[in-house]
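Remarks on the structure that follows.
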Amino acid sequence: MAEKEYFSHETAIIDPGCKIGKGSKIWHFTHIMPGCELGENCNLGQNVVISPGVVLGNNVKVQNNVSIYTGVICEDDVFLGPSMVFTNIVNPRSAVVRKDQYVKTLVRHGASIGANATIVCGIEIGQFAFIGAGAVVIRDVPAYALVVGNPAKQIGWMSEFGHRLNFDEKGVAKCPESGQTYSLDNGRVRKIGIRD
């Protein structure tokens with residue numbers, strides 16, 4: 001039998017029929033269910049649940065006490081903060097079985113979701129978006145957007161390195177850490193290069 005190419009703590013439960021990428025780490029009391037896929041170099045903290053059909057890209061960081069339910073897809077480099085919550089049914093009732101009505105939620109490349117945030121199912125979180133701690137997200141979030149509150153409202157824009165972007169009169173902003181520049185045009189942000 002080939003040696004596994006990922007680390008799992010002895011208390012983790014990994015069901016047969018899941019795919020786990022090379023270099024991933026699965027910590028205490030985490031449960032990986034059948035039919036899910038974890039990319040390479042993922043890090044799952046303690047007390048995490050990954051439900052059937054969930055897909056995590058490469059280098060996804062899942063902090064403690066997060067449950068990722070069927071219908072959720074996270075692309076590469078996504079960060080899920082401690083105790084944040086996904087939902088997968090719009091109108092749950094204990095006495096009504098709706099397992100055939102799971103709604104898809106897509107978290108794009110590089111997005112970060114803060115501690116204790118709630119993501120209502122059926123939305124898309126754009127690439128490098130930043131969801132503040134405790135936010136309740138009920139609609140799509142544009143790429144690079146910073147949203148906070150309940151219900152979540154956009155209050156600005158973030159760079160790929162996680163810094164607030166302050167756009168000048170020409171609609172250009174520079175990340176103070178990376179030097180990358182961004183343009184804002186018609187409510188959309190895109191990276192345009194590195195400024196000296």
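The values are calculated or read from the model by the stated rules, or taken from the named source; none is laboratory data. All values reported here derive from a predicted model rather than from experimental measurement. Virtual Cβ from ideal backbone geometry, glycine too; neighbours counted across all protein chains shown.
For the reader, a short list of remarks on this structure follows.
- Reported count of residues in the range 144-155, each being part of a loop (DSSP other than H, G, I, E, B) and out of contact with any Phe, Trp or Tyr (no Cβ under 6 Å at 6 or more places or on another chain), is 4.
- Residue within the range 81-101 that is under 19 Å from G39 (Cα atoms), crowded, with 20+ Cβ neighbours inside 10 Å and at pLDDT 95 or above present: yes
Residue-wise test of (1) under 25 Å from E124 (Cβ atoms); (2) in the same structural domain as N150 (by TED's automatic domain parsing); (3) not polar (S, T, N, Q).
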| residue | (1), (2), (3) |
| --- | --- |
| H31 | no, yes, yes |
| G35 | yes, yes, yes |
| N64 | no, yes, no |
| I68 | yes, yes, yes |
| G71 | yes, yes, yes |
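- Restricted to the range 92-124, and to residues there that are assigned to a loop (DSSP other than H, G, I, E, B) and free of Cβ contacts under 8 Å to residues at least 12 places away in the same chain, the residue that is nearest to P82 (Cα to Cα) is P92.
- In the range 120-135, residue surrounded by the fewest Cβ atoms within 10 Å (Cβ to Cβ) [restricted to those that are touching a Ser or Thr at 6+ places or on another chain (Cβ under 7 Å) and more than 17 Å from D77 (Cβ to Cβ)]: I123
- Test for E37: is it within 15 Å of the chain's Cα centre (by Cα) and among the charged types (D, E, K, R): yes
- The range 163-196 - residue that is surrounded by 15 or more Cβ atoms within 10 Å (Cβ to Cβ) and small (G, A, S) and, of those, nearest to L106 (Cα to Cα): S183
- Residue list for the range 156-196, restricted to those being part of a loop (DSSP other than H, G, I, E, B) and farther than 15 Å from F128 by Cβ: N166, F167, D168, E169, K170, G171, P176, G179, N186, G187, R195, D196
- Test for I50: is it free of Cβ contacts under 8 Å to residues at least 24 places away in the same chain and crowded, with 18+ Cβ neighbours inside 10 Å: no
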